[in-house]
Every structure is written in C-alpha cells, then in structure tokens.
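Worksheet for the structure shown next.
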Amino acid sequence: MFWISSAHAEKLMPTAATDIAHQVDSLYSFLLITSFIACAILIGGMIFFAQKYKRRSVHAKSAYITHNVFLEFLWSFIPLVIFLAVFAWGWLIFHDMRKMPADALEIHVRGKQWAWEAEYKSGVKTANLIKVPINKDVKLIMTSTDVLHSFYVPSFRIKQDVIPGRYTSLWFNANKFGEYHIFCTEYCGTQHSGMLGKLHVVSQEEYDQWLEEESKFSTLPLAQKGEKLFQIKACSGCHSVADKSVKAGPALYQKFGVEEEIADGSKVTVDEAYMRESILNPNAKIVKGFSGGVMPTFQGQLSEDELAAIIEYLKTTK
Ligand SMILES: [Cu+2]
C-alpha cells in the first residue's frame with residue numbers, strides 16, 4: 001500500500017490476491033489521498049480568504065491586482081506534474097495488465113446468458129467455476145455465445161469485456177489461496193445479476209488431482225454425464241431438479257412421463273422427443289404459465305450424445 005496500511009486497505013477493498021491488485025490499490029490510494037489534500041487546500045483556502053478579505057465597511061476599496069506570475073505558474077505546474085505522474089503510473093500498471101505472459105496456463109472462457117463456462121486444454125469443462133494453481137500465470141481466452149458480457153474478478157482487480165464473435169483475453173497470477181468472486185459487469189439480460197462464478201486458487205497438487213478427477217467425465221454412465229452437463233450448461237440456474245420449486249423455467253423434477261399443459265391449452269406428454277424438442281427449440285411448446293423467449297436454444301451447442309445424456313439424466317429425477 002502507498003499510505004494506507006494494508007490492514008486498513010483490506011477493509012476498504014476486496015482482498016488483493018495478485019501483485020497487480022496491490023499496484024492498483026497503491027495508485028488508487030494515491031489518487032484518493034491527493035484528492036483529499038487538494039480538496040482541503042481549495043475549500044480551506046476559500047474559507048480562509050473569504051474571512052480575511054471580507055468587506056469591512058461600505059467605503060473599503062479592494063486592492064487592484066491584475067495577476068501574479070509566480071502563483072499562476074505554481075497552480076498550473078504542480079497539478080501538471082501530479083497528473084503526468086498519475087498518467088505514467090497508470091500506464092505502467094495497464095501495460096503489466098495487458099502484456100500476456102508467454103508461458104501461461106491457458107483456459108477458454110465463454111460467457112453466455114447467464115453463466116460462465118470454462119474449458120481446459122485437457123477437455124475438462126466447468127460452469128461458474130475456474131480452478132487454478134497458486135503462483136502460476138494464467139491466461140483466459142474469452143468469448144461470448146450470445147450478447148456482451150464482462151468478466152470481472154474484484155480480488156484480482158482485472159476486468160475485460162467478453163464479446164460475441166471475437167476473442168479477448170486476461171491474465172493473472174494469484175498469490176493467495178482462496179475462493180474469489182467472478183462477476184458479470186455488463187448488463188446482459190434479466191438474470192444478469194445472477195451471473196456469478198467462483199475462482200478457486202489451490203495448490204498445484206490439488207489442481208492436478210482435480211483436473212484428473214474431472215477428466216474421467218467421458219467414461220461416466222450416460223445419466224451421470226447428463227447430471228454434470230446439466231450443471232455445466234447452467235440448466236440448473238433456471239430449472240429445479242431437486243424439487244418442484246419454480247425458477248425462471250418450470251421444475252424438471254419428476255417430469256418424465258407426466259402430461260403437461262402447454263400455453264395454447266393443448267396437452268403434451270413429457271417423453272424423450274418432447275425433451276429433445278424443448279432443448280433445441282425451447283419456444284416450440286411453452287408450458288402454460290411461462291413466457292417464451294426466455295430460454296436460449298441449445299441447437300449447435302450440444303452433440304447428439306450430450307443430448308442423450310441430459311435426457312437420460314432428466315428421466316432419473318423421476
Ligand atoms: Cu453477463
């Protein structure tokens with residue numbers, strides 16, 4: 001920290017878990033403190049001079065002063081030096097933030113309404129969770145499958161827009177174990193505020209073990225694979241599978257084989273074909289009481305075997 005001790009700063013700001021976070025905090029503290037000092041000089045000076053040069057009587061005449069070169073030079077030059085220093089300081093930090101490390105652990109991140117998907121090089125996929133080893137350069141290669149999102153980790157002081165149709169990137173090197181928030185900071189639709197993720201910083205051993213554990217996914221039985229996909233694709237954000245509680249979409253608990261009333265009043269039996277249609281073309285048969293256009297289509301986002309896995313899983317909630 002610059003002038004504020006780090007113990008105090010921890011209370012003002014989220015835990016700083018990278019070197020860059022400390023640098024950002026130093027610059028921020030400098031700005032905050034110089035602003036306070038400038039404010040005190042301006043407001044204090046104004047009150048002092050208003051009192052000192054107060055008109056004492058109706059006949060009092062003020063001195064005729066046109067200018068003062070020395071004073072004018074000072075109040076122009078000192079702020080100029082401070083502003084240029086802040087610019088240079090900020091530029092150096094920005095340069096560090098944007099210079100991608102050459103030998104980093106690379107993770108693909110996809111923003112979608114309303115979840116963060118991550119994909120590791122080994123093929124492991126997660127939703128709303130990124131696990132990384134401590135003291136390791138990590139580079140995120142990011143894009144969006146629908147609208148603009150923005151990836152933000154307050155504890156790392158890094159933020160980057162995530163844009164459909166192109167890649168943007170971010171890097172960090174976490175130096176503190178823990179669980180940190182991932183926020184979306186670009187309004188992206190009704191559930192924007194619920195677009196939350198966690199970033200776990202763990203030891204290298206724990207990371208390796210976790211990655212190996214997750215890699216076993218492809219050999220899982222269909223229904224178990226479906227259960228994972230249901231999480232990864234963030235279906236669980238809008239559909240309850242543990243009970244009949246209604247979220248943004250209807251609960252899918254004990255749904256298989258049930259007769260469902262749809263918006264136009266007709267009935268449909270929930271079988272494999274209806275489930276498939278509802279995943280790929282969600283607006284085809286909207287359940288009565290729900291509005292269309294909320295669920296995005298998963299056309300092109302799920303392979304045939306992934307579809308089968310999810311449907312087999314949904315049959316087991318029965
Ligand atoms: Cu978003």
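The values are calculated or read from the model by the stated rules, or taken from the named source; none is laboratory data. Computed from a predicted model, the values in this text were never measured in an experiment. Virtual Cβ from ideal backbone geometry, glycine too; neighbours counted across all protein chains shown. Ligands, DNA and RNA are stripped out before the accessible areas are found, and what is left, the full protein with its side chains, is counted by its heavy atoms. Shrake-Rupley method; radii C 1.70, N 1.55, O 1.52, S 1.80 Å.
Defining a contact as two alpha carbons under 8 Å apart and six or more residues distant in sequence, what relative contact order in percent does the range 220-316 show?
Computed over the range 220-316, the figure is 37 percent.
Give the share of C-alpha pairs in each 5 angstrom bin for the range 220-316, from 0 to the last occupied bin, in whole percents, shortest bins first.
P(r) over the range 220-316, rounded to whole percents: 3, 14, 24, 30, 20, 8, 2, 0.
Count the DSSP beta bridges whose two residues both fall in the chain, then state the antiparallel fraction as a percent rounded to the nearest 5.
Of all bridge pairs located within the chain, approximately 70 percent are antiparallel.
Within 10 Å, Cβ to Cβ, of TYR274, how many net charges do the neighbouring residues add up to if Lys/Arg are +1 and Asp/Glu are -1?
-1
With the other protein chains left in place, how much accessible area per residue, in square angstrom, belongs to the chain at a 1.4 angstrom probe?
59
Roughly how many percent of the accessible protein surface of the range 220-316 is carbon and sulfur, given a 1.4 Å probe and a whole-percent answer?
Within the range 220-316, the accessible surface is 53 percent carbon and sulfur.
What's the whole-number percent of alpha carbon pairs in the range 42-126 lying beyond 17 angstrom?
77
Only bridges with both residues in the range 105-216 count here: give the DSSP antiparallel percent, nearest 5.
Of those bridges, close to 70 percent are antiparallel.
Pairs of alpha-carbon atoms within less than 8 angstrom and 6+ residues apart define the contacts here; what relative contact order does the chain have, in percent?
For the chain, the relative contact order is 14 percent.
So what's the convex hull volume per residue for the Cα atoms of the chain, in Å³?
Residue-normalised Cα hull volume stands at 223 Å³.
Using packing as a proxy for protection, rank 191-198, 18-25 so that the peptide with the highest average count of other Cβ atoms within 10 Å comes first.
Per-residue Cβ counts within 10 Å, averaged per peptide and sorted highest first, yield 18-25, 191-198.
Indicate the helices, whole DSSP H runs only, in the chain that combine a mean Kyte-Doolittle hydropathy of 0.0 or more with a Cα extent along their long axis of 30 angstrom or more.
Answer set is 19-52, 69-98.
Can you compute the FRET efficiency between LYS285 and VAL147 using 1/(1 + (r/R0)^6), with r the Cβ-Cβ distance and R0 = 30 Å? Round to the nearest 0.05.
My answer for the efficiency is 0.75.
Quick one: net charge around VAL162, please, counting Lys, Arg +1 and Asp, Glu -1 for every other residue with C-beta under 13 Å from its C-beta.
Charge balance near VAL162 sits at 0.
Per the helix-only calculation at 222 nm, which mean residue ellipticity applies to the chain, given -39500 (n - 2.57) for every DSSP H run of n ≥ 4 and division by its residues, nearest 500 deg cm²/dmol?
-12000 deg cm²/dmol
Round to a whole angstrom and tell me the spacing of the C-alpha centers of the range 175-217 and the range 244-318.
Measuring centre to centre over Cα atoms gives 28 Å.
When only C-alpha pairs under 8 Å and at least 6 residues apart count, what is the relative contact order of the range 105-216, in percent?
The normalised contact order for the range 105-216 reaches 30 percent.
Using only the alpha carbons of the range 232-284, determine the length spanned along each of the three principal axes and report them from longest to shortest in whole angstroms.
29, 22, 19
If each residue of separation counts as 0.36 nm, what is the full-extension length gain between HIS95 and ILE33 once their alpha-carbon separation is subtracted?
In short, 19.9 nm is gained.
What is the spread of the Cα atoms of the range 191-273 along each of their three principal axes, largest first, in whole Å?
Principal extents (largest minus smallest coordinate, Cα): 56, 34, 18 Å.
Using alpha carbon coordinates only, what is the Rg to Rh ratio of the range 105-216, with Rh defined as the Kirkwood radius?
0.95
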